[in-house]
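Input: a single structure, listed below in structure tokens.
The values are calculated or read from the model by the stated rules, or taken from the named source; none is laboratory data. Just so we're clear, the structure is a prediction, and the values are computed from it rather than from any experiment. Here Cβ is always computed from backbone atoms with ideal geometry, including for glycine, and neighbour counts include all displayed protein chains. These area figures cover heavy atoms from the full protein model, side chains too; ligands, DNA and RNA do not enter into them. Shrake-Rupley method; radii C 1.70, N 1.55, O 1.52, S 1.80 Å.
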Amino acid sequence: MSRIGVIGGSGLYKIKGSTIKSKKKVTTPFGSPSDEYRIVDIGKTEVVFLPRHGAQHNIPPHMINYRANLWGLKKLKVERIISVSAVGGIKKGLNPGDIVIADQIIDMTRTRKSTFYDGKEGVVHIDFSEPYCPEMRRILLTAGKIVRIPLKGRGTYIAVEGPRLETASEIRAFGCLGADVVGMTGMPEASLARELEICYSTILVVANYAAGATKNKLTVAEVMAAMKASTEKIKTLLKETFRIIPEERKCSCKDALKEARV
Ligand code: HPA
């Protein structure tokens, strides 16, 4: 079985109930990943887990070395990634605790190294019309049905630079653009994975109402508490996903570089 990578965001620094078989320190041409990669067995699947912000949550979203993180996963032979992230809910009807399997992205990040192709390796334009692996999305949604965890099957994720939270007007504008949820780390993770021909999908946990939706001040404590409350569900969903995932990839992610070079 090929390896699956899990990148855990705020509040998810390990997969609940799993034991770490080994830790792997990986070096990359782009510098150091956020932490050592944890090799864990979940059911019969070997999973490579990386805490995105470091195990002590000491790396803010705009300082994460996304290229090193993704390169390291590729080096460890990961073919598919499931990212787990906390998001703010923009769309009416989305409430803290809801889980969204997003299908689209709007990228508002500004300062990040967002490609492996700076010219030396040639000029590459990957197709990103469908930013998340459609096969992985289907598998996640099927797993959710089997274990009866309600999932929102679609959603547009807007990636912001952070680390500050948004203004109420920004959130209103993002809503007009078609964004359903907002987060700080989904890009360039998704496009870097595509450049490495790795399937990438995401489980988004709505941790708070985005700015302006309530009179209350947004707090980090609220985000962490929502993530903590979801860990059991996330683990169940991941475990079932790993159980039903087919060995062979049938999507086009594995051929992303074909017809992408100038
Ligand atoms: N905005 C941006 N990122 C987030 C939020 C938010 O409201 N909640 C969790 N991550």
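Can you work out which of the residues in segment 14-63 that are hydroxyl-bearing (S, T, Y) and over 20 Å from the mean Cα position of the chain (by Cα) is nearest to T111 (Cα to Cα)? Before you say what the answer is, go through the steps one by one.
To start, the set of residues in segment 14-63 that are hydroxyl-bearing (S, T, Y) comprises 18-19, 22, 27-28, 32, 34, 37, 45.
Keeping just the survivors that are over 20 Å from the mean Cα position of the chain (by Cα) gives 19, 22, 27-28.
Values: T19: 36, S22: 34, T27: 23, T28: 21 Å.
Within segment 14-63, the match that is nearest to T111 (Cα to Cα) is T28.
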Check whether at least one residue in segment 229-238 is closer than 17 Å to E135 by Cα and open to solvent by less than 90 Å² (accessible area, probe 1.4 Å), and report yes or no. yes
Just name the residue that is farthest from R3 (Cα to Cα) out of those in segment 58-94 that are open to solvent by 60 Å² or more (accessible area, probe 1.4 Å) and assigned to a loop (DSSP other than H, G, I, E, B). K92
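Condition first: closer than 19 Å to I99 by Cα and more than 20 Å from the chain's Cα centre (by Cα). Now tell me which residues in segment 155-183 satisfy that.
Of all residues in segment 155-183, those closer than 19 Å to I99 by Cα come to 155-159, 175, 178-183.
Result: G175, single match.
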Please work out which one of (1) open to solvent by 40 Å² or more (accessible area, probe 1.4 Å); (2) within 11 Å of the ligand (Cβ to nearest atom); (3) in contact with a helix residue (DSSP H, G or I) (Cβ under 7 Å, 6 or more places away or on another chain); (4) of a type in the set (A, V, I, L, M, F, W, C) is the condition L165 fails and give its number. (3)
So E197 clears everything in (1) more than 16 Å from the ligand (Cβ to nearest atom); (2) open to solvent by 30 Å² or more (accessible area, probe 1.4 Å); (3) touching a strand residue (DSSP E or B) at 6+ places or on another chain (Cβ under 8 Å) except one condition, right? Which one? (3)
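Being within 16 Å of the ligand (Cβ to nearest atom), in contact (Cβ under 8 Å) with a residue 24 or more places away in the chain and among the charged types (D, E, K, R) is the requirement here; does K217 meet it?
Details: within 16 Å of the ligand (Cβ to nearest atom): yes; in contact (Cβ under 8 Å) with a residue 24 or more places away in the chain: no; among the charged types (D, E, K, R): yes.
Criteria not met by K217.
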Here are some conditions: (1) at pLDDT 95 or above; (2) part of a strand (DSSP E or B). E46 meets all but one. Which one does it not meet? (1)
Filtered residues of segment 211-224 (kept if under 19 Å from the mean Cα position of the chain (by Cα) and either of a type in the set (G, A, S) or not in a helix (DSSP H, G or I) (or both)): none
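Using the structure shown, decide if D103 is open to solvent by 60 Å² or more (accessible area, probe 1.4 Å) and either under 28 Å from E247 (Cβ atoms) or away from the ligand (no atom under 14 Å from the Cβ) (or both). Don't jump to the end; show me each part of the working.
Details: open to solvent by 60 Å² or more (accessible area, probe 1.4 Å): no; either under 28 Å from E247 (Cβ atoms) or away from the ligand (no atom under 14 Å from the Cβ) (or both): yes.
No: the conditions fail for D103.
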Pairs needed: first member in segment 13-30, under 24 Å from L196 (Cα atoms); second member anywhere, modelled with pLDDT of 90 or more and surrounded by fewer than 14 Cβ atoms within 10 Å (Cβ to Cβ); C-beta distance under 6 Å; at least 6 residues apart or different chains. none
Identify, please: which residue in segment 220-240 is under 27 Å from A168 (Cβ atoms) and among the charged types (D, E, K, R) and is, among those, farthest from the ligand (Cβ to nearest atom)? K228
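Among the residues in segment 170-184, are any more than 16 Å from the ligand (Cβ to nearest atom) and not in a loop (DSSP other than H, G, I, E, B)? Explain how you work it out, then say what you get.
Going residue by residue through segment 170-184, those that are more than 16 Å from the ligand (Cβ to nearest atom) are 176, 178.
Keeping just the survivors that are not in a loop (DSSP other than H, G, I, E, B) gives 176.
Among the residues of segment 170-184, at least one is more than 16 Å from the ligand (Cβ to nearest atom) and not in a loop (DSSP other than H, G, I, E, B), which makes the answer yes.
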Would you point out which residue out of G212, G178 is out of contact with any helix residue (DSSP H, G or I) (no Cβ under 8 Å at 6 or more places or on another chain), at positive phi and in contact (Cβ under 8 Å) with a residue 24 or more places away in the chain? G178
Of the numbered conditions (1) within 10 Å of the ligand (Cβ to nearest atom); (2) open to solvent by less than 80 Å² (accessible area, probe 1.4 Å); (3) aliphatic (A, V, I, L, M), M136 satisfies every one except a single condition; which is it? (1)
S191 fails exactly one of the following numbered conditions: (1) away from the ligand (no atom under 16 Å from the Cβ); (2) farther than 16 Å from T142 by Cα; (3) not in a helix (DSSP H, G or I). What is the number of that condition? (3)
Exactly one of (1) part of a loop (DSSP other than H, G, I, E, B); (2) of a type in the set (A, V, I, L, M, F, W, C); (3) within 18 Å of I7 (Cα to Cα) is unmet by L204. Its number? (1)
